[in-house]
1. So, in the stretch 85-126, exactly how many residues are in contact with a helix residue (DSSP H, G or I) (Cβ under 9 Å, 6 or more places away or on another chain), free of Cβ contacts under 8 Å to residues at least 60 places away in the same chain and buried (at least 20 other Cβ atoms within 10 Å of the Cβ)?
2. Which one of these is assigned to a loop (DSSP other than H, G, I, E, B) and at pLDDT 90 or above: 66, 99, 114?
3. Among the residues of the stretch 39-58, is any at pLDDT below 90, in contact with a strand residue (DSSP E or B) (Cβ under 6 Å, 6 or more places away or on another chain), part of a strand (DSSP E or B) and farther than 18 Å from residue 115 by Cα?
């Protein structure tokens with residue numbers, strides 16, 4: 001799509017109620033986009049406390065000693081543990097940490113600013129989490145009556161959703 005030095009990644013939040021299929025959609029979109037040679041990064045918003053590092057391990061010891069960031073590099077992967085900062089919006093996190101990506105898929109962040117695609121299934125029995133004023137730009141649903149003025153995608157239209165992620169409305 002472009003080199004990291006000249007472009008910020010496109011950031012889209014995939015939002016919806018618990019059990020709607022957000023994680024499954026993100027996983028399928030990653031595969032589809034990577035198949036198009038798009039560099040994809042993800043950000044997951046957890047509503048509960050998650051232990052990011054194990055007590056006694058080196059990266060935890062470095063953080064406890066005062067490091068603002070600790071990176072673990074293995075032969076095949078890299079993990080970064082950083083202090084939580086006030087800039088917690090997906091766009092801000094992507095700019096700080098994920099500049100090598102073409103697209104950042106953020107799961108959750110329904111209350112954050114930015115562009116959102118909501119997963120909404122009739123069987124979940126819930127109203128939409130977001131409105132168009134909240135940044136909703138498309139909906140993945142089996143409910144034609146919800147927000148008919150924005151693009152709708154069927155739950156398994158992964159190619160169509162991926163194309164929309166790449167070419168749909170973006171500020172950057």
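The values are calculated or read from the model by the stated rules, or taken from the named source; none is laboratory data. Note that this is a predicted model, so its numbers are computed, not measured. Virtual Cβ from ideal backbone geometry, glycine too; neighbours counted across all protein chains shown.
1. So the count comes out to 0.
2. Values: 66 fails: at pLDDT 90 or above; 99 fails: at pLDDT 90 or above.
Only one candidate qualifies: 114.
3. No: zero hits.
Okay, residues lined up against (1) outside any loop (DSSP other than H, G, I, E, B); (2) surrounded by 18 or more Cβ atoms within 10 Å (Cβ to Cβ); (3) in contact (Cβ under 8 Å) with a residue 60 or more places away in the chain; (4) within 16 Å of the chain's Cα centre (by Cα):
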site	(1), (2), (3), (4)
130	no, yes, yes, yes
143	no, no, no, no
150	no, no, no, no
160	yes, no, no, no
